[in-house]
Amino acid sequence: MFDSLTQKFSSVLSSLRSRGKISQNDIEDTCQEIHQALLEADVALSVVTSFIDTIRERSLEVLPTLQSGTNQAQAIFEIINQTLVEILGAEARRISFAKTGPTVIMLAGLQGAGKTTMAGKLAKFYADQGNTPILVASDLQRPNAVTQLQVLGQSIGIPVFAPEPGNGRGDPVQVARDGVQFARVKLHNMVIVDTAGRLGVDESLMKEAAAIRDAIKPNEILFVVDAMIGQDAVRTSQAFLAGVGFDGVVLTKLDGDARGGAALSIVQVTERPIMFVSTGEKLADFDIFYPDRMASRILGMGDVATLAEQAKKAFDPDTAAKFETKYASGEDFTLEDFLEQMQAMSKMGSMTKMLAMLPGAGAMKKQLDNFDEREIVRTQAIVQSMTIAERRDPKILNGSRRARIAMGAGRTVTEVNSLVDRFSQAQKAMRQMRSGKMPAGLPPAMTGMGAGMGASRQQVMNVKKSKSGNPAKRAQQERG
Amino acid sequence: MGLFGKIISKLTRTSNASAADWDELESALLGADLGPTLASKVVSTARSVKTDSAEDAVYQALLSALSTKSREISRAPSGPTVILVVGVNGTGKTTSSAKLAHYLTSQDEKVLLAAADTFRAAAVDQLLTWGERLDIDVVHGKENADPASVAFDAAQQVVAKEISFLVIDTAGRMHTKNDLMDQLGKVRRVIEKVVRVAEVLLVIDATTGQNGLIQAKVFAESVDLTGIILTKLDGSARGGIALAIESELGIPIKWVGTGENAKDFAPFDPQSYVRSLM
Ligand SMILES: Nc1nc2c(ncn2[C@@H]2O[C@H](COP(=O)(O)OP(=O)(O)O)[C@@H](O)[C@H]2O)c(=O)[nH]1
Ligand SMILES: [Mg+2]
């Protein structure tokens, strides 16, 4: 279902791109698709509607000021992405520490949201930064929540204040109050209070949460919410905001494949920032929140930022500079370049994993699934069995040369043929890029690998805001 | 008044209802997490139902989205009935396993629980606490034991002691983690060396959004789901995603959880659920 949606969405964008001039109707169509995409991503209906209104308005405003076709589509995509990032928050806010005494953090949320695990993760995160947190076991409701916190604390060497066994016994307000007092006396600079899961509609339990709050006066109340939550996110976050109040949001279980559109709803409705994310069951599976990554995820556009980061790391400046010079002097893209780029990409880590992060990856999920990492090794073997002359000018590759190469590389002639074909495609793409027919971004070796990635290259470039060493991009910039 | 009360009263006669009224109904269905596909299907079905009462039309349309499969526990023809409880993290698997075991004992069945969540901290203790509370035996292994071996032990015990039901709680796992999904398949295969698994129940939290459909698909592929337990219906979430799962994948909702106590559990009743939705 998601795949088909991503496909639809990327196809709208690419059809926008392929058209010369974007009309108001195009914008309307795009808005319809985004509407659908956001609903499938669990963004609350009311939030979807206001979001679309903003997109429409901004697009119509920008449209007349733009000229060429590709730029227009790109501009609209940018608007969508920008607006999402804007709503999700420009940058992550950090915990604000107490001026005197321990910094008190209280966790609140629905049952099963992941509060207890989150408490352990926060403790580890801040302990690693030189703080001295303790954990306080105020979830006395769920069977053995106290034991769970104790086990977690032990595994990371963080003290756990747990005077009550729980399982329905003991007063959570008292435990929280005593916990903070304990930290104060023992000079811990941070207290993380785990509380029982409760429903927004459960008035008495919401009152209890408020009582805990009043007893410990937390510096931060964090609302912990499961990224898989649907339309109820609005009602529940409003209920917690009214019942206990909170200063920030923690999104959990982002290691699944939920789009996490609820994040957008919650931020919009409660005007509280998302501060942290949880991405797995291990205590290290924890990160601060990146609005741009979340935006891509909600739109099904893949984790472009992460990819760009990795790509930057893998492509050393020397290689980039070399390509640039080659391009400036008008030299052609050769099989050697092709191989070099492939090798650079294999440095970026698992190819499939990387490709999956690309925007529009949904549209080529099949190819991704079938993609074989060993492909690079095979390509390498084939190219290395060629003579220098053959590498520079594959046109001279007649039947007998191909047979010899296949022998030398331990591959079949068919494989050699297909490599030469893919190379020609890549070369063609590179030439087109230079002549400005195609937006550039990833190296052409990637396009030559069978995955139709027309929609993606462009966006990767956008994230690399710094002036890129990529020749084609420079060419584009020079054209203005 | 239910979720759609206002809209329904506007749609008094289907023939008079305006497109805007139907849109409003569709929005309400979306708000209940039915998802865009099912929501628009329900609306178009409702519009085509020949009846004077809009309420009746919507009611029938919602019911028609449900599966006609049996919602009874499928008992093993002979020997013990083994029930495997699965799902992503935090949906209520342990609680539901305990509740189901309790439900069965209250029907005078002999039941054994197995704590095959050997991963999450204190998960075994959690089920042991339930066992004590409900006076039901719990089979468990050492911490970090192989879940398949715990399940295997339990299977052997129910066969040897002629216990009629075995309810196995498993660790929460994201359906995106292939190794954990494979592990679940293995748990099942190992049990089946001793006795057939009669039911594999997926626990879905009523607050879950559209991702629930993917969860159900992936779990169904790796362990062949026979039913759904829909939990946390005592909150403000409507659990429409379970309806979407049932409608798209034909996996029947069999039980609902409505609270944190053992008694907050009942067989799923389609008519009353649909009425509560409206
Ligand atoms: N309100 C409510 N809470 C529930 C229900 N079922 C389970 N819970 C709570 O949800 C939390 C997670 O449940 P648990 O059984 O540990 O989930 P598991 O991780 O899937 O085994 C616990 O706090 C349970 O008490 C239900 O039907 N309603
Ligand atoms: Mg459990």
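B:A123 passes every criterion in (1) away from ligand 2 (no atom under 15 Å from the Cβ); (2) touching a helix residue (DSSP H, G or I) at 6+ places or on another chain (Cβ under 9 Å) apart from (1).
Before we move on, is B:V187 surrounded by 24 or more Cβ atoms within 10 Å (Cβ to Cβ), under 25 Å from B:S149 (Cα atoms) and within 11 Å of chain A (Cβ to nearest Cβ)? Full working, then the answer.
Details: surrounded by 24 or more Cβ atoms within 10 Å (Cβ to Cβ): yes; under 25 Å from B:S149 (Cα atoms): yes; within 11 Å of chain A (Cβ to nearest Cβ): no.
So B:V187 fails the test.
Would you confirm whether or not the range B:217-225 contains a residue that is away from ligand 2 (no atom under 16 Å from the Cβ), within 13 Å of the chain's Cα centre (by Cα) and surrounded by fewer than 20 Cβ atoms within 10 Å (Cβ to Cβ)? For the range B:217-225, residues away from ligand 2 (no atom under 16 Å from the Cβ), within 13 Å of the chain's Cα centre (by Cα) and surrounded by fewer than 20 Cβ atoms within 10 Å (Cβ to Cβ): present. Among the residues making up the range B:107-120, those that are open to solvent by 20 Å² or more (accessible area, probe 1.4 Å) and within 14 Å of another protein chain (Cβ to nearest Cβ) are B:F119, B:R120.
Do we find that B:D125 is away from chain A (no Cβ under 14 Å) and surrounded by fewer than 22 Cβ atoms within 10 Å (Cβ to Cβ) in this structure?
Values: away from chain A (no Cβ under 14 Å): no; surrounded by fewer than 22 Cβ atoms within 10 Å (Cβ to Cβ): yes.
Here the answer is no, as B:D125 does not meet what is asked.
From the list A:A227, A:A263, the one residue that fits, being within 16 Å of ligand 1 (Cβ to nearest atom) and either over 16 Å from A:A108 (Cβ atoms) or outside the structural domain of A:G120 (by TED's automatic domain parsing) (or both), is A:A227. Taking (1) surrounded by 23 or more Cβ atoms within 10 Å (Cβ to Cβ); (2) away from ligand 1 (no atom under 13 Å from the Cβ); (3) without any contact (Cβ under 8 Å) to a residue 60 or more places away in the chain in turn, B:I136 satisfies each apart from (1). If I ask for residues that are outside any strand (DSSP E or B), touching a residue at least 60 places away in the same chain (Cβ under 8 Å) and more than 14 Å from every other protein chain (Cβ to nearest Cβ), which ones from the range A:207-244 would you list? Matches in the range A:207-244: A:A209, A:I212, A:R213, A:I216, A:K217, A:P218, A:N219, A:V244. Inside the range A:111-138, residues that are surrounded by 24 or more Cβ atoms within 10 Å (Cβ to Cβ) and touching a helix residue (DSSP H, G or I) at 6+ places or on another chain (Cβ under 6 Å) make up a count of 7.
Could you say whether any residue in the range B:204-216 is assigned to a helix (DSSP H, G or I), within 14 Å of another protein chain (Cβ to nearest Cβ), crowded, with 24+ Cβ neighbours inside 10 Å and within 13 Å of ligand 1 (Cβ to nearest atom)? There is at least one residue in the range B:204-216 that is assigned to a helix (DSSP H, G or I), within 14 Å of another protein chain (Cβ to nearest Cβ), crowded, with 24+ Cβ neighbours inside 10 Å and within 13 Å of ligand 1 (Cβ to nearest atom).
What number of residues in the range A:245-276 are more than 11 Å from chain B (Cβ to nearest Cβ) and assigned to a helix (DSSP H, G or I)?
Here is the first cut: in the range A:245-276, the residues more than 11 Å from chain B (Cβ to nearest Cβ) are A:245-251, A:263-264, A:266-276.
Checking the rest, the ones that are also assigned to a helix (DSSP H, G or I) come to A:263-264, A:266-270.
Count: 7.
Of the residues making up the range A:134-156, those that are more than 9 Å from chain B (Cβ to nearest Cβ) and closer than 14 Å to A:A176 by Cα are A:I134, A:L135, A:V136, A:A137, A:S138, A:D139, A:L140.
Yes or no: B:V194 in contact with a helix residue (DSSP H, G or I) (Cβ under 9 Å, 6 or more places away or on another chain), away from chain A (no Cβ under 14 Å), part of a loop (DSSP other than H, G, I, E, B) and open to solvent by 10 Å² or more (accessible area, probe 1.4 Å)? First the steps, then the outcome.
Numbers: in contact with a helix residue (DSSP H, G or I) (Cβ under 9 Å, 6 or more places away or on another chain): yes; away from chain A (no Cβ under 14 Å): yes; part of a loop (DSSP other than H, G, I, E, B): yes; open to solvent by 10 Å² or more (accessible area, probe 1.4 Å): yes.
Criteria met by B:V194.
When A:K253 is tested against (1) open to solvent by 30 Å² or more (accessible area, probe 1.4 Å); (2) out of contact with any Leu (no Cβ under 8 Å at 6 or more places or on another chain), just one condition goes unmet, and that condition is (1).
With respect to the conditions (1) within 16 Å of ligand 1 (Cβ to nearest atom); (2) in contact (Cβ under 8 Å) with a residue 40 or more places away in the chain, B:V82 lacks only one, and its number is (1).
Could you check, for the range B:255-266, whether at least one of its residues is more than 16 Å from ligand 1 (Cβ to nearest atom) and either outside the structural domain of B:G31 (by TED's automatic domain parsing) or among the charged types (D, E, K, R) (or both)? No, the range B:255-266 has no match at all.
Condition test on B:R238, is it at pLDDT below 95, closer than 19 Å to B:A32 by Cβ and surrounded by 24 or more Cβ atoms within 10 Å (Cβ to Cβ)? Reasoning before the result, please.
Values: at pLDDT below 95: yes; closer than 19 Å to B:A32 by Cβ: yes; surrounded by 24 or more Cβ atoms within 10 Å (Cβ to Cβ): yes.
It is true that B:R238 is at pLDDT below 95, closer than 19 Å to B:A32 by Cβ and surrounded by 24 or more Cβ atoms within 10 Å (Cβ to Cβ).
Scanning the range B:221-245 for residues that are within 14 Å of chain A (Cβ to nearest Cβ) and in contact with a strand residue (DSSP E or B) (Cβ under 9 Å, 6 or more places away or on another chain) yields a total of 12.
Looking at A:G157, A:G179, A:G168, which one is within 15 Å of ligand 1 (Cβ to nearest atom) and not polar (S, T, N, Q)?
Values: A:G157 fails: within 15 Å of ligand 1 (Cβ to nearest atom); A:G179 fails: within 15 Å of ligand 1 (Cβ to nearest atom).
Within the list A:G157, A:G179, A:G168, the selection yields A:G168.
Could you go through the range B:247-259 and let me know if any residue there is among the hydroxyl-bearing types (S, T, Y), more than 15 Å from B:V86 (Cβ to Cβ) and in contact with a helix residue (DSSP H, G or I) (Cβ under 7 Å, 6 or more places away or on another chain).
Looking only at the range B:247-259, we keep the residues that are among the hydroxyl-bearing types (S, T, Y), and these are B:247, B:258.
From the residues that got through so far, the ones that are more than 15 Å from B:V86 (Cβ to Cβ) too are B:247, B:258.
Now restrict to residues that are in contact with a helix residue (DSSP H, G or I) (Cβ under 7 Å, 6 or more places away or on another chain): B:247.
Scanning the range B:247-259 turns up at least one residue that is among the hydroxyl-bearing types (S, T, Y), more than 15 Å from B:V86 (Cβ to Cβ) and in contact with a helix residue (DSSP H, G or I) (Cβ under 7 Å, 6 or more places away or on another chain).
Restricting the range A:100-110 to residues that are over 22 Å from B:G90 (Cα atoms) and not in a strand (DSSP E or B) leaves a set whose member that is most open to solvent (accessible area, probe 1.4 Å) is A:T100.
Please go through (1) open to solvent by 50 Å² or more (accessible area, probe 1.4 Å); (2) of a type outside the set (A, V, I, L, M, F, W, C); (3) within 15 Å of ligand 1 (Cβ to nearest atom) for B:S70 and return the number of the only condition it doesn't satisfy. The single condition B:S70 does not satisfy is (3).
Confirm whether B:D179 is among the charged types (D, E, K, R), surrounded by 15 or more Cβ atoms within 10 Å (Cβ to Cβ) and in a helix (DSSP H, G or I). The answer is no for B:D179.
Can you tell me which residues in the range B:143-163 are over 18 Å from B:V190 (Cα atoms), open to solvent by 30 Å² or more (accessible area, probe 1.4 Å) and more than 16 Å from ligand 2 (Cβ to nearest atom)? Talk me through it step by step, then tell me what you get.
Here is the first cut: in the range B:143-163, the residues over 18 Å from B:V190 (Cα atoms) are B:143, B:161-163.
From what is left, the residues that are open to solvent by 30 Å² or more (accessible area, probe 1.4 Å) are B:143, B:161-162.
Answer for the range B:143-163, where residues must be over 18 Å from B:V190 (Cα atoms), open to solvent by 30 Å² or more (accessible area, probe 1.4 Å) and more than 16 Å from ligand 2 (Cβ to nearest atom): B:K161, B:E162.
Are any of the residues in the range B:97-106 within 10 Å of ligand 2 (Cβ to nearest atom), within 21 Å of B:L225 (Cβ to Cβ), within 22 Å of the chain's Cα centre (by Cα) and open to solvent by 10 Å² or more (accessible area, probe 1.4 Å)? Scanning the range B:97-106, I find no residue that is within 10 Å of ligand 2 (Cβ to nearest atom), within 21 Å of B:L225 (Cβ to Cβ), within 22 Å of the chain's Cα centre (by Cα) and open to solvent by 10 Å² or more (accessible area, probe 1.4 Å), so the answer is no.
Do we have B:L230 as within 22 Å of B:S70 (Cα to Cα) and not in a helix (DSSP H, G or I) here? Give the steps one after another, and end with the answer.
On the way: within 22 Å of B:S70 (Cα to Cα): yes; not in a helix (DSSP H, G or I): yes.
Yes: the conditions hold for B:L230.
The values are calculated or read from the model by the stated rules, or taken from the named source; none is laboratory data. Computed from a predicted structure; not experimentally measured. Cβ coordinates were reconstructed from backbone atoms using ideal geometry, including for glycine residues, and neighbour counts include every protein chain displayed. The accessibility values were calculated without ligands, DNA or RNA, using every heavy atom of the protein model including side chains. Shrake-Rupley method; radii C 1.70, N 1.55, O 1.52, S 1.80 Å.
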